[in-house]
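Below is one structure; the comments refer to it alone.
The values are calculated or read from the model by the stated rules, or taken from the named source; none is laboratory data. These numbers come from a predicted model, not from an experiment. With ideal geometry, Cβ positions are generated from the backbone for all residues, glycine too; neighbour counts draw on all protein chains shown.
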Ligand code: B1M
């Protein structure tokens, strides 16, 4: 495929997510892959950049929750095509990680991408879902997760992450488990303040940070 076709397809995918074309996205995504675009290119250049536009529209009150929800579903439809490719990693897991969106927060697209990319990088990932209580994160750590990954997009849910770190300490588990934070409500500075071990700016950065914490070569 000529590069220009690849760029056009990426633009179509991006436009499809922005206008919420749930039905058309799987085929467009498949066409892009068949045409030689890498799954990571489709995800970053098509899907994630589209959600950034959707976020801008929401902020400017050009989009409201229903439109955002339809775009989110369109992105999920595309991800069903990408998921098997992004998750086909090594056979021997490099480590065990539990990932969830914190209590009070239902945003899961970014967290699911992080889970997918970690799986693809060779980790065994338990996806705890959304609205995950501090106790559930602690249970995952007690059950043998070496890393607890928390995602938060709402500033109101940020205190939950500090609560989890505190509970892990209180229950004597903090020495055995690393904590990684991410999501639009989190910053590196905030991660340090609540006592997390690392901050992941995006899915690839999360993989880098988890590898670093577990001593896996980059
Ligand atoms: Co919501 N929402 N939303 N929303 N929404 C935001 C987050 C918001 C910033 C929009 C805005 O006002 N500009 C705003 C939060 C404001 C704030 O707190 N400061 C907001 C709001 C206010 C709300 C509601 C309260 C709206 C309402 O009801 N009035 C409500 C809350 C519901 C709840 O959770 N209790 C709500 C609802 C929704 C929808 C349901 C409509 C939908 C979510 C659908 C879903 O997730 N299934 C939605 C969406 C889609 C968004 C925006 C537009 C896009 C989020 C997204 O999916 N981005 C968002 C605006 C924005 O972020 N600009 C917004 C794409 C995704 C790939 O990126 O999630 O950032 P992201 O993940 C990235 C990185 O952050 C990182 O890697 C990912 C891949 O690169 N990352 C990690 C994420 N988790 C990580 C974990 C890691 C490491 C990296 O380690 C463990």
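When you scan the range 175-190, how many residues do you find that are within 16 Å of the ligand (Cβ to nearest atom) and under 16 Å from residue 147 (Cα atoms)? Result for the range 175-190: 6.
Looking at this structure, is residue 172 more than 13 Å from the ligand (Cβ to nearest atom) and not in a helix (DSSP H, G or I)? For residue 172, the condition - more than 13 Å from the ligand (Cβ to nearest atom) and not in a helix (DSSP H, G or I) - is met. Checking 144, 104 one by one, the residue that is in a loop (DSSP other than H, G, I, E, B), touching a strand residue (DSSP E or B) at 6+ places or on another chain (Cβ under 9 Å) and more than 13 Å from the ligand (Cβ to nearest atom) is 144 and no other. Checking the stated criteria, residue 80 turns out not to satisfy the condition of being closer than 18 Å to residue 218 by Cα and in contact with a helix residue (DSSP H, G or I) (Cβ under 9 Å, 6 or more places away or on another chain). Quick check: anything in the range 68-84 surrounded by fewer than 21 Cβ atoms within 10 Å (Cβ to Cβ) and assigned to a loop (DSSP other than H, G, I, E, B)? No, the range 68-84 contains no residue that is surrounded by fewer than 21 Cβ atoms within 10 Å (Cβ to Cβ) and assigned to a loop (DSSP other than H, G, I, E, B).
Total residues in the range 10-62 satisfying the condition of being assigned to a loop (DSSP other than H, G, I, E, B), more than 17 Å from residue 80 (Cα to Cα) and within 15 Å of the ligand (Cβ to nearest atom): the figure is 3. Output yes when any residue across the range 90-101 is modelled with pLDDT under 95, closer than 29 Å to residue 137 by Cα, surrounded by fewer than 17 Cβ atoms within 10 Å (Cβ to Cβ) and within 14 Å of the ligand (Cβ to nearest atom), and no when none is. The answer is no; no qualifying residue exists.
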